[in-house]
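**Student:** Before we start, here is the structure in question, set down as structure tokens.
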Amino acid sequence: MLIIDGKKVSLDLKNELKASVESCKAITGKVPGLTIIIVGQDPASQAYVRNKAKTCKEIGMISSLIEMPAETTQELLLQTIHELNNDPAVHGILVQQPLPEHIDEFTVTLAINPSKDVDGLHPENLGRLVMGDLDKCFISCTPYGIMELLQRYTIETKGKHCVIVGRSNIVGKPMANLMLQKLGSANCTVTICHSATNNLPFHTRQADILIVAVGKAQLITADMVKPGAVVIDVGNNRIEDPAAKSGYRMVGDVDFDAVSSVASAMTPVPGGVGPMTIAMLLKNTLLSFQRFNGL
Ligand code: NDP
């Protein structure tokens, strides 16, 4: 079974992006800038954003982190986004979710200039993606990373049946719409499953390409997978493990050990989809810079 190594591909991609940032700098004298806003003290979110900002600097981009207290008003957050929308040194704006309950996430997403929405969550970007206008939109980073993995591992997709489990706006829905596009690296017949799907194993067993984004540890077992299928595991779940120093370990939505005896190719957790998400955020920021500068 082939391991689809997201860690390795993301490192290759970061090296390519670093070279592109250098050539952008040589041409324009400027570098791409990403600003990340975090509201509140959630430790997991803080670790994510610090990692994003650090990786951004590693490849030569400018990254700024705006840390706002949990009691920040929605009005102040919107005003901050408005200022970033008008700042020519900022090419990408990312507001880390989840936000505190008194702030409406959709209102915040709508406030971001779609041309700087490197998370690909603004309805204009999602709408363009659905319409296949991929050159003018930002593709949500996790689905974009999965497309990159499928391409770099030359996984055949045309005419294949792709089954996606999960219909979130950030993963499942954009993923389904990408796999549906009439493109070399897509062009699939697509089925989307969710919590109300009857007989989930029946659907997953039809998949030539199975993409799982649910958030339930090891939901997909070997009997749910067609022999020879390509399996992409987006899930990121913490489970108790007394043998681990920390007392826990991360697993995906797929039972890796069991399914690896059935699948032809698979992403591991960790080291599969996760590292690609950050790499694609940087790729989107570079893309934004290139569009703003007519490159
Ligand atoms: P959401 O909670 O937003 O969506 C989960 C989806 O799974 C929903 O559509 C839900 O259905 C569906 N679902 C829940 N239970 C079942 C079930 N028993 N059978 C079938 N479908 C089910 O999650 P996200 O999409 O944001 O994330 C999914 C997972 O991916 C999480 O573990 C998350 O941590 C991980 N993730 C990883 C990323 C990475 O970079 N590696 C990035 C983003 C997410 P319904 O719509 O009916 O509620």
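**Student:** What FRET efficiency comes out for Asp257 versus Lys57 if R0 is 30 angstrom and r is the Cβ-Cβ distance? Round to the nearest 0.05.
**Tutor:** 0.20
**Student:** Here's something else I'd like to know. Skip the ligands, DNA and RNA, and give the accessible area per residue of the range 29-118 with a 1.4 Å probe, whole Å². Numbers along the way, then the final one.
**Tutor:** Working: 4350 Å² over 90 residues.
Accessible surface, normalised per residue, equals 48 Å².
**Student:** For labels at Leu134 and Thr189 in the simple 7 Å Cα→Cβ model, what's the distance in nm?
**Tutor:** 2.2 nm
**Student:** Give me, ordered by chain and number, the residues 5 or more places off Ile220 or on other chains with an amide H under 5 Å from its own placed amide H.
**Tutor:** Val254, Asp255
**Student:** Over 10 Å intervals from 0, what percent of Cα-Cα pairs in the range 1-150 sits in each interval?
**Tutor:** All Cα pairs, binned at 10 Å, distribute as 10, 35, 38, 15, 2, 0 percent.
**Student:** Okay, next question. What's the local net charge at Val21, with K and R +1, D and E -1, over the other residues with C-beta under 14 Å away? Don't skip to the end; give the middle numbers.
**Tutor:** Details: positive: Lys14, Lys18, Lys25, Lys30, Lys57, Lys283; negative: Glu16, Glu22, Glu58.
Surrounding charge for Val21 is +3.
**Student:** Kirkwood hydrodynamic radius, the range 183-288, all distinct C-alpha pairs: what's the number in Å?
**Tutor:** 15.1 Å
**Student:** Sticking with this structure for a sec: Just to check I understand the Karplus step: with θ = phi - 60° and J = 6.51 cos²θ - 1.76 cosθ + 1.60, what whole-Hz values come out for the range 84-96, glycine and proline as x?
**Tutor:** Running phi through 6.51 cos²θ - 1.76 cosθ + 1.60 with θ = phi - 60° gives 5, 4, 9, 8, x, 7, 9, 9, x, 10, 10, 9, 5 Hz.
**Student:** Taking amide hydrogens as modeled 1.01 Å from N in the peptide plane, which residues meet the under 5 Å criterion relative to Gln181, leaving out close sequence neighbours?
**Tutor:** Amide H neighbours of Gln181, under 5 Å, 5+ apart: Asn187, Cys188.
**Student:** Also, quick follow-up: With a 10 Å radius around each residue's Cβ, average the other Cβ atoms per peptide and rank 120-127, 160-167, 190-197, highest first.
**Tutor:** My ranking of the peptides, most packed first, is 160-167, 120-127, 190-197.
**Student:** Shape verdict for the range 126-191, please, from the Cα gyration tensor: rounded (a/c under 1.5), prolate (a/b greater than b/c) or oblate. Let's see the in-between values first.
**Tutor:** On the way: a/c = 1.39, a/b = 1.22, b/c = 1.14.
Rounded, since a/c falls under 1.5.
**Student:** What are the residues whose amide H is under 5 Å from the amide H of Val95, where those residues sit 5 or more places off or on another chain and H is modelled from the backbone?
**Tutor:** Hits under the 5 Å cutoff: Ile37.
**Student:** Send over the Kirkwood Rh of the chain, from the inverse of the averaged 1/r over different Cα pairs, rounded to one decimal Å.
**Tutor:** Kirkwood hydrodynamic radius for the chain: 19.9 Å.
**Student:** Between Phe292 and Ala222, what length comes free when the chain is fully extended (0.36 nm per residue of separation minus the Cα-Cα distance, one decimal in nm)?
**Tutor:** Length gained between Phe292 and Ala222: 20.5 nm.
**Student:** Let me check I've understood the local charge: for Asp223, count other residues with C-beta under 15 angstrom from its C-beta, Lys and Arg +1, Asp and Glu -1. What total comes out?
**Tutor:** Cβ neighbours under 15 Å give a net charge of 0.
**Student:** Pop a pseudo-label 7 angstrom from the Cα along the beta-carbon direction at both Ile27 and Lys8 and give the gap in nm to one decimal.
**Tutor:** My value for the distance between the label points is 3.1 nm.
**Student:** Got the relative contact order for the range 29-118 handy, in percent, Cα pairs under 8 Å and 6 or more residues apart?
**Tutor:** Computed value for the range 29-118: 37 percent relative contact order.
**Student:** Ok, one more. What order do you get for 241-253, 273-285, 146-158 when each peptide is scored by the mean count of other beta carbon atoms within 10 Å, highest first?
**Tutor:** Details: 241-253: 13.7, 273-285: 25.1, 146-158: 17.7.
Packing proxy ranking, top to bottom: 273-285, 146-158, 241-253.
**Student:** Additional query: Quick one: net charge around Val130, please, counting Lys, Arg +1 and Asp, Glu -1 for every other residue with C-beta under 14 Å from its C-beta.
**Tutor:** Every neighbour counted, the sum reads +3.
**Student:** Let me know the shape class of the range 29-118, please: from the alpha-carbon gyration tensor, a ≥ b ≥ c as square roots of the eigenvalues, rounded when a/c is under 1.5, otherwise prolate if a/b is greater than b/c, or oblate. All intermediate terms of the calculation are to be shown ahead of the outcome.
**Tutor:** On the way: a/c = 2.24, a/b = 1.28, b/c = 1.75.
Verdict is oblate for the range 29-118.
**Student:** So if we plug the beta-carbon distance of Gln151 and Thr73 into 1/(1 + (r/R0)^6) with R0 = 30 Å, what FRET efficiency do we get, rounded to 0.05?
**Tutor:** Values: r = 43 Å, r/R0 = 1.44.
Efficiency, rounded to the nearest 0.05: 0.10.
**Student:** If the chain between Leu110 and Asn198 were fully stretched, how many nm would it gain, using 0.36 nm times the residue separation less the Cα-Cα distance?
**Tutor:** Taking Leu110 through Asn198 to full extension adds about 28.3 nm, to one decimal.
The values are calculated or read from the model by the stated rules, or taken from the named source; none is laboratory data. Owing to the predicted nature of the structure, the values given are computational and were not obtained by experimental measurement. Here the Cβ is made from the backbone with ideal geometry for all residues, glycine too, and neighbour counts use every protein chain on show. Each accessible area value is taken on the protein alone, full model and side chains, heavy atoms only, with ligands, DNA and RNA left out. Shrake-Rupley method; radii C 1.70, N 1.55, O 1.52, S 1.80 Å.
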